[in-house]
Amino acid sequence: MIQVTDTIAIDERELEERFVRSPGPGGQHVNKVSTAVELSFDAARSPALPEPVRERLLRLAAGRLSAEGMVVIEAHRYRSQERNRRDALERLIALIQQATLVQKPRKPTRPTRRSQERRLEGKAQRSATKGLRQRTHGDE
């Protein structure tokens, strides 16, 4: 079991790892060894996630969702397969932990009377400045 938070733990069997060739420079090594990791997690069907966390996770991971609804994390930052595996898992855990945080709803505020007056004074001043730039009928 992978402990994500105090209340959420994911079974290792829910994760699927696939090793692929890493993109970018690296000489002959990069063409021979599959060091990059694609970590897949079926968040939509995972029994470990409470429903509100699942919804926030799917919204947060929108760019990482596959056609089947799997959260796919690609890790190819390091040259070693083991470090990339660890990196992908840490990023998945961080993403789930971020989904557990509930944002406070924003309370709409109203501008103060003085800020409204300043805004209107500024508009009046700009209007007067632009009015001075206009031609009058007697100038023609």
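Note on segment 85-127: the C-alpha convex hull projects to 6.2 nm² when averaged across all orientations.
With axes computed from alpha carbons, what is the tilt in degrees of helix 113-133 against the longest principal axis of the chain, rounded to the nearest 10 within 0 to 90? For 113-133 against the chain, the angle is about 60 degrees.
One chain, two ends: residue 124 and residue 109. Fully extended at 0.36 nm per residue, the span grows by 2.9 nm beyond their Cα-Cα distance.
The charge dipole of segment 36-133, taken about the Cα centre with unit charges on the Cβ atoms of Lys, Arg (+1) and Asp, Glu (-1), comes to about 1200 debye, rounded to the nearest 20.
Under 5 Å between amide hydrogens, built in the peptide plane, is the criterion, and for residue 22 it picks out 35, 36 among residues at least 5 positions away or on other chains. From its DSSP helices (H runs of at least four residues, each -39,500 (n - 2.57)), the chain gives a residue-normalised ellipticity at 222 nm of -13000 deg cm²/dmol. The loop-placed trypsin sites (Lys or Arg not before Pro) in segment 34-140, going by DSSP, that have at most 15 neighbouring Cβ atoms within 10 Å of their Cβ come out as 77, 79, 106, 135. In the list (i) 126; (ii) 274; (iii) 178, the label attached to volume of the Cα convex hull per residue in Å³ as derived from the coordinates here is (ii). Considering segment 39-116, its Cα convex hull presents a mean projected area of 8.3 nm².
Restricting segment 9-91 to GluC sites (Glu not before Pro) that sit in a DSSP loop and have at most 11 other Cβ atoms within 10 Å of their own Cβ leaves 68. Farthest toward the positive end of the dipole of segment 11-102, out of 53, 35, 15, is the Cα of 35, where the dipole comes from beta carbon charges about the Cα centre. Taking 7 Å steps out from each Cα toward its Cβ at residue 21 and residue 83 produces label points 2.2 nm apart.
No lab work stands behind these numbers, since they all come straight from the coordinates. The structure displayed is predicted, hence computed values, not measured ones. Cβ atoms come from the backbone with ideal geometry, glycine included; neighbour counts cover every protein chain shown.
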